[in-house]
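Bear in mind that the values in this text are calculations on the coordinates, not laboratory data. What you see is a predicted model; the values in this text were computed from it and never measured. FYI the Cβ positions are ideal-geometry reconstructions off the backbone, even for glycines, and counts take in every protein chain you see.
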Ligand code: ZN
């Protein structure tokens with residue numbers, strides 16, 4: 001399945017994922033992105049080949065004995081290494097389909113205003129994974145981040161100050177970045193977003209709504 005994915009995950013994040021060093025809250029986004037992105041998948045698999053050498057280079061991450069084995073286990077668990085089943089209709093790659101128990105029609109959407117909807121898949125002490133459905137022409141309120149945020153596009157497209165993101169693309173945002181993602185085109189934008197901590201909204205209304213939206 002080849003897409004023109006232009007915003008891929010950097011090696012550091014893929015390696016952290018492969019070794020289990022990446023906080024668990026990002027696992028689903030990474031696994032789903034890797035299903036859609038030949039480039040990220042190839043690099044994740046290449047860590048298998050480069051193996052020990054690459055892990056030595058990243059010694060500050062304090063790998064223990066089990067890390068390499070864990071990395072290999074994860075790679076062999078990855079959708080690429082397994083025999084991929086025939087494509088089914090729908091927009092969710094297998095890892096997401098598994099997490100949701102189906103495709104778009106199985107998502108328990110809740111309205112969050114302005115025609116946008118979300119479905120929280122995981123929320124642990126502020127670290128959350130959610131699906132977002134944002135209608136054409138709409139935007140997320142301007143916000144900053146307290147930790148890392150990964151946003152993967154599954155359908156449609158959005159843009160912000162840093163680029164344009166389409167199916168398979170991941171935007172990486174952190175404390176340094178403020179942005180206001182805006183939907184592009186006439187298709188509803190469906191994204192899978194994971195954050196390690198609550199967002200920082202700059203205007204009052206979204207701040208007031210924040211506790212209810214758990215965002
Ligand atoms: Zn953000």
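Rounded to the nearest 0.05, what FRET efficiency is calculated for residue 205 and residue 106 with R0 set to 35 Å and r the Cβ-Cβ distance? Show your work: numbers first, answer last.
Working: r = 31 Å, r/R0 = 0.88.
That gives a FRET efficiency of 0.70.
Please work out the FRET efficiency for the pair residue 188 and residue 46, using the Cβ-Cβ distance as r and a Förster radius of 35 Å; give the result to the nearest 0.05. Mind dumping the intermediate values first?
Values: r = 35 Å, r/R0 = 1.01.
After rounding, the FRET efficiency stands at 0.50.
State log₁₀ I(q)/I(0) for the stretch 106-160 at q = 0.14, 0.20, 0.22, 0.26 Å⁻¹ as given by the Debye formula over alpha-carbon point scatterers of equal weight, solvent excluded.
Treating every Cα as an identical point scatterer, log10 I(q)/I(0) equals -0.42, -0.90, -1.09, -1.43.
Over the Cα atoms of the stretch 92-215, what is the Rg over Rh ratio if Rh follows Kirkwood?
Result: Rg/Rh = 0.92.
Measure out, as a whole number of angstrom, how far apart the alpha-carbon centroids of the stretch 164-215 and the stretch 95-140 sit.
With the stretch 164-215 and the stretch 95-140 each reduced to a Cα centre, they are spaced 12 Å.
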